[in-house]
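Input: a single structure, listed below in structure tokens.
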Amino acid sequence: MKKVSVDPITRLEGHGKIEIFVDDDNVVQNVYFQIPELRGFERFCVGRPVEELARITPRICGVCPEAHHMAATKAIDAVFGVKPARTGVMLRELLYNAFFVTDHTTHFYILAGPDFIMGPESDPATRNILGVIHKVGLETGGAVINLRAEAAELISMIGGKQIHPVCGLPGGVSQAITAEQRDRMVQITAAQVEFAKFSLQLFDDVVLANNDYVELIKSDAFTHATYNMGMVDENNKVNFYDGQIRVTGQDGSELEKFEGRDYLAHIAEHVEPYSYLTYPYLKSVGWKGFVDGPDSGVYKASPLSRLNAADGMATPLAQQEYERFFSTLGGKPVNATLATHWARLVELLYAAERSHELATDPDIIDPDVRTIPTGIVGEGVGVVEAPRGTLYHHYKTDDQGMVTNVNLIVGTTNNNAAISMSLKKAAEGILTGGSEIREGNLNMIEMAFRAYDPCFGCATHTLPGDMPLEVTIKSETTREVVATVKRNM
Amino acid sequence: MTSGSTLVLGMGNPILSDDGVGLLVAGRLAEEALPAGVEVRLSEVAGLRLLELVRGFTRVIIIDALKSPAEAGREPGEIVRYEAKDFKGGHRWRSAHSIGIDTALALGHELGYNMPGEVIVFAIEAEDVETFGEELSPPVAAAAERVHELVREELGA
């Protein structure tokens, strides 16, 4: 009976543990996916002015503070019952799309790139960004760094700060931008569009041109037919900042579409004794366990599910890529977890194009960026698409706007059940009975959840630093560790 | 920045109890008179951001919380001084989501950037980095005072 440790699992945010139990023949019996509990978030927030949550909640995550800032700002709009000024909304959306460009780029080159560019079973010592830039060229590495620097410049022009924006206020944003700043943003976003096109080309050249990778992407071990969730605009096109939440089924048809504020009518959370992280599922379908198919309420909320749940992309180049994505992979929905990497690049192109559209809109320099709230509703839900999935912030306050209750459902939590299922299926498919357990095998199991880019920091409402996840394979009968694979970071 | 410049970089999370210690010490240093060529920055994120922050400085002094595995036998408030060659297992230097400081430094060198020749880390063993709060535990608060002095000595202030 076996237990194999991978310590640390490379390239994953947060602190968690995966335990894979196998029998004497290395046949997978169970997979448990656990994360530690982090304490006191609600207590920390209660009693504070609700406006502060737009600056507090970004600090629960070192990876996507901008997503929390936006969800919080929208929730606070709702708490005060204020419709934000049009240009204020445009500036928020511009900042947010620039953030998506940064985050998706980082994921592709730092996290996904090593598996595909170096190979999933290549030497872990070179299966990292350093190996990647040696293979694709130093100039690509420089381009990634440069893109991040320029996106940070844009974000700080609107957000006031590079990492933790402070611009979001109920009714809009804190300041307008100047024509000079706008000109710079036009320049930056135009370069982002070119970079996104380059990245898609690289994916074509490295991944799609390699039949082994295409087979790996399409393989059963990495496939799950769950429901798909994503935010859509009035034309059912992908939108990260605003819209309705749409859920589509295994045949691609719409199951439901709802306003973010009604999420509790549509989503419930299943609890397992071994995990502090809940397992959200669709109420209308119900929890049937860790299974896929139309009778199971498990859903995905990821770049892949957003493409599946929408009818297309709202910008022209991304729409072309969207069509190519589905025609190449056999139509909608695509259930191949590893196709999430490609979906992320389609979204990268959309985010860059949308940023450029907003930066070139004449109204972006309108000084009227905020509507001052005049009343208070006392409850509000703010929803955005975070890079890792739909992000819900729900606040309640007293009549003075002091927080009485906070609930968050973050991107990774939405995907908790799907991640667990993907891990088990990948483990079953890769650790076939009797085979030797090798580091490369374990990396391929890791790939099943790296596709979701899970981030357990805020999934447990905090970030305990950037600690590794640990994977162990244990004997089902003796619970002993069978083998250990250590990685160098 | 000027040639021969030093960056003092406070890292951590200001609302996660002892994880805020690096930010607190660096924030205090930022308000004090320091030798010419010293800049103080605060960062709540790691990964590639580290490369962007340290680029161009000749020396970097990082202050951060540390959460050692139990077998290390460290007590809360213990101060550990690391140099670049020691970077393994720090609390925040190794962003699994992105890259750790060792990789960030190597990547910067590969890309031909002007990277610091000297990196020193003052790490403070934390008691609690898992509870939301803005207070330090008593041993870490005491260590913050000592690290403040150690960094000033390092700077010749």
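Structure notes:
- Selected residue (only one of A:Gly411, A:Gly401, A:Gly378, A:Gly389 is at positive phi and within 23 Å of the chain's Cα centre (by Cα)): A:Gly389
- None of A:Arg127, A:Arg184 is more than 30 Å from A:Thr73 (Cα to Cα) and not hydroxyl-bearing (Ser, Thr, Tyr) except A:Arg127.
- Residues of segment A:150-201 satisfying the condition of being at negative phi, touching a Pro at 6+ places or on another chain (Cβ under 7 Å), small (Gly, Ala, Ser) and outside any helix (DSSP H, G or I): A:Ala176
- Among the residues listed as A:Thr248, A:Thr278, the single one being closer than 17 Å to A:Ala309 by Cβ and of a type in the set (S, T, N, Q): A:Thr248
- Verdict on A:Ile155 being more than 12 Å from every other protein chain (Cβ to nearest Cβ), touching a helix residue (DSSP H, G or I) at 6+ places or on another chain (Cβ under 6 Å), more than 30 Å from A:Val50 (Cα to Cα) and among the hydrophobic types (A, V, I, L, M, F, W, C): no
- Candidate set from segment A:158-171 (those that are modelled with pLDDT of 95 or more and over 20 Å from A:Ile188 (Cβ atoms)); member that is nearest to the other protein chains (Cβ to nearest Cβ): A:Gly168
- Which numbered condition B:Gly56 misses (of (1) within 20 Å of B:Pro116 (Cα to Cα); (2) in a loop (DSSP other than H, G, I, E, B); (3) touching a helix residue (DSSP H, G or I) at 6+ places or on another chain (Cβ under 8 Å)): (3)
- Within segment A:336-349, being modelled with pLDDT of 95 or more, in contact with a Lys or Arg (Cβ under 9 Å, 6 or more places away or on another chain) and not hydrophobic (A, V, I, L, M, F, W, C) holds for one residue alone: A:Glu347.
- Figure legend. Inter-residue proximity from segment A:440-460: first residues at positive phi, second residues buried (at least 24 other Cβ atoms within 10 Å of the Cβ) and at pLDDT below 75, beta-carbon distance below 9 Å, spacing 6+ or different chains. Indicated pairs: A:Asp453/A:Leu12; A:Asp453/A:Glu13; A:Asp453/A:Val63; A:Asp453/B:His97.
- Under the condition of being more than 12 Å from A:Asn407 (Cα to Cα) and within 11 Å of another protein chain (Cβ to nearest Cβ), the residues counted in segment A:37-47 number 5.
- Residue match in segment B:125-142 (condition: surrounded by 21 or more Cβ atoms within 10 Å (Cβ to Cβ), more than 8 Å from chain A (Cβ to nearest Cβ), at pLDDT below 95 and under 15 Å from B:Ile63 (Cβ atoms)): yes
- The residues listed here are A:Glu150, A:Glu139, A:Glu121; of these, the one that is of a type in the set (Asp, Glu) and within 11 Å of chain B (Cβ to nearest Cβ) is A:Glu139.
- A:Arg184 vs. criteria closer than 30 Å to A:Met90 by Cβ and not assigned by TED's automatic domain parsing to the domain that holds A:Gly289: yes
- Candidates A:Glu66, A:Glu121 - the one that is among the charged types (D, E, K, R), in contact with a helix residue (DSSP H, G or I) (Cβ under 6 Å, 6 or more places away or on another chain) and not in a helix (DSSP H, G or I): A:Glu121
- Residue satisfying condition, being buried (at least 20 other Cβ atoms within 10 Å of the Cβ), part of a helix (DSSP H, G or I), within 14 Å of chain A (Cβ to nearest Cβ) and touching a helix residue (DSSP H, G or I) at 6+ places or on another chain (Cβ under 6 Å), within set B:Leu23, B:Leu51: B:Leu51
The values are calculated or read from the model by the stated rules, or taken from the named source; none is laboratory data. This structure is a prediction, so every number in the text was calculated from the model and none was measured. Every residue, glycine as well, gets a Cβ built from its backbone with ideal geometry; the counts of neighbours run over all protein chains shown.
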